[in-house]
1. Compactness ratio of segment 270-389: Cα Rg over 2.2 N^0.38 Å, N = residue count?
2. Would you mind computing, in nm to one decimal, how far apart the modelled labels at residue 257 and residue 96 are, each placed 7 Å from Cα along Cα→Cβ?
3. Give me the one-decimal nm value for the distance between modelled label points at residue 52 and residue 288, 7 Å along each residue's Cα-to-Cβ direction.
4. Keeping all protein chains in position, work out how much accessible area residue 460 exposes to a 1.4 Å probe, and write it in Å² to the nearest 10.
5. Quick one: putting +1 on the C-beta of Lys and Arg, -1 on the C-beta of Asp and Glu, what dipole do you get for segment 334-405 around its Cα centre, in Debye to the nearest 20?
6. Run the 1.4 Å probe and let me know the accessible area of residue 416, rounded to the nearest 10 Å².
7. Can you tell me the convex hull volume per residue for segment 323-406, based on C-alpha atoms, in Å³ to the nearest whole number?
8. Collect residues whose amide H, placed 1.01 Å from N in the peptide plane, falls under 5 Å from the amide H of residue 181; neighbours closer than 5 in sequence don't count.
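The values are calculated or read from the model by the stated rules, or taken from the named source; none is laboratory data. Keep in mind it's a predicted model, so treat the numbers as computed, not measured. Virtual Cβ from ideal backbone geometry, glycine too; neighbours counted across all protein chains shown. Only protein heavy atoms, including side chains, enter the accessible area calculation; ligands, DNA and RNA are left aside. Shrake-Rupley method; radii C 1.70, N 1.55, O 1.52, S 1.80 Å.
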Amino acid sequence: MLLFDRTAIDLPKPVLAQETGMPTTIASENTATIALVLVALLILGWGFYRAKPFGKLGILAWLQSVVLMSPWLLFFGLFAAGIYLNLVAVLLMLLASTGLYINLGKQLRSTARDAGVRSRTDSTEAKSRSEASSTPESPSAPIQEQIKIITPPSPTNQLEIIPVPVEDLKAIQGIFGIDTFFATETIPYQDGVILKGNLRGEPEQVHSRLSASLQAKLGDRYRLFLVENQDDKPVVIILPSANDPQPTTVSQKILAAVLLLATIATSLETSGLLLGFDFFSSPARYLEVLPMATGIWAVLGCREIACRVIADRYNIPLSWPFFIPTWQIGSFGAIDRFESLLPNRKVLFDIAFAGPAAGGLVALGMLVAGLLLSHQGSLFQIPAEFFKGSVLVGTLAKVVLGSALQQPLVDVHPLTVIGWLGLVITAINLMPAGQLDGGRIVQAIYGRKIASRATLATFVVLAIASLVNPLALYWAIVILILQRNLERPTLNELTEPDDARAALGLLALFLMIATLLPLTPALAGRLGIGN
């Protein structure tokens with residue numbers, strides 16, 4: 001029987017229980033409970049505030065978010081109150097939540113169809129009244145004459161101010177109209193131009209029409225972006241297609257292959273350390289480490305497969321995955337680069353969410369299966385203090401293992417350890433920073449401004465946490481050097497993902513926090529974890 005060596009792996013460090021008096025313990029418990037309730041109410045209240053202006057559609061979408069998050073909030077809230085649910089009760093809650101979510105989705109789609117019919121009817125009536133009241137004697141001025149082009153006093157410097165050729169600029173100006181985007185001013189920007197004006201329709205439809213018109217006139221030479229400026233007003237940016245993301249180079253592919261081999265090696269070494277020996281010193285024992293290493297590869301592989309399946313559905317090519325090897329947990333995941341522009345924020349969300357969702361479900365399944373298979377005499381003996389290192393893992397372990405967590409050493413099945421490692425890998429990549437999966441999810445749901453602030457906040461939190469956990473310092477450096485920049489804007493930045501995607505994104509971020517956040521000493525004592 002093997003002892004789980006603390007030096008072999010750097011899982012989230014547990015917060016050790018301290019000797020405190022009864023008043024302090026009670027105050028800590030009350031504070032944790034109140035904080036949990038306030039956070040839950042804040043999230044739900046903010047969602048209701050965002051949904052209310054959209055009427056019944058918004059309320060139904062908000063209720064979907066409530067139904068999706070309620071089981072998890074109830075689960076952790078009851079634990080904070082000292083009420084323990086068994087696994088059957090948790091599964092019943094999730095089943096009921098799924099049923100309500102599907103039912104609300106049907107009502108939402110039905111309401112949306114009814115609203116669409118009424119909108120088309122009102123639009124047809126308004127158009128008929130407009131045509132009846134218009135006269136042929138008062139035609140509108142040509143669009144080109146209404147566009148203000150910023151040019152310098154000297155015509156010799158025109159190409160320096162407006163980098164787009166004159167013929168192309170005239171063709172670009174000709175695609176706008178009063179029923180799509182009424183352009184009033186043209187400003188040079190990088191290798192293209194910015195057109196200010198007024199949006200005259202739904203962003204998705206307007207962008208589709210303008211892009212089709214631009215391609216019909218100038219082919220594939222330019223890209224049309226519909227974004228918000230610093231004043232939160234819609235503008236159109238036209239840039240040459242030469243600025244598109246470039247395919248992966250040969251040197252980058254070589255680097256990706258080297259990182260993959262390094263990740264395989266570190267996964268084998270991590271598995272060996274978990275089993276109590278150095279794999280590199282005893283490579284002949286590869287059959288012993290292979291099952292555990294395969295579990296780590298399964299989480300990484302499912303993440304990559306899901307991400308690429310969704311990307312292929314939207315015809316978005318991805319670069320080779322750049323895996324990040326580490327001795328602590330085998331790998332910190334992989335970085336994938338988009339090799340083409342994304343059409344909208346919905347596509348960005350779907351690709352960013354698919355990977356951690358698939359990898360996280362596989363890891364969570366292995367963790368639960370490992371806990372269910374654990375028994376006295378299982379392969380691993382883990383100090384009970386380790387289960388204080390994660391709110392999610394600790395509470396799930398309490399649900400399944402019960403009083404066994406009160407022992408100094410807890411016998412667990414190897415799948416428990418592999419699942420825990422997989423959850424940590426997934427949670428690290430879900431941190432809302434830069435071009436990590438979590439950063440892309442936040443950018444897709446809330447836009448670039450909020451994503452930029454979330455990246456800064458994540459870096460600050462990691463910098464503070466690095467005072468007690470070297471793993472946090474590592475990721476603070478990674479974000480500062482490699483991941484501080486956001487993903488480049490999509491072609492249509494104005495159309496937000498629907499509320500169902502927003503709810504899934506919030507759920508992913510919530511589970512990320514629950515995985516990486518340690519239990520407080522008071523809550524761990526209440527759960528009966530450790531001495």
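1. 1.30
2. Label at residue 257, label at residue 96, 5.6 nm between them.
3. My value for the distance between the label points is 6.3 nm.
4. 70 Å²
5. Working: 5 positive and 4 negative charges, 35 e Å.
Rounded to the nearest 20 debye, it is 160 debye.
6. Solvent-accessible area, nearest 10 Å²: 0 Å².
7. Details: hull volume 10.6 nm³, N = 84.
Looking at segment 323-406, the number lands at 126 Å³ per residue.
8. 200
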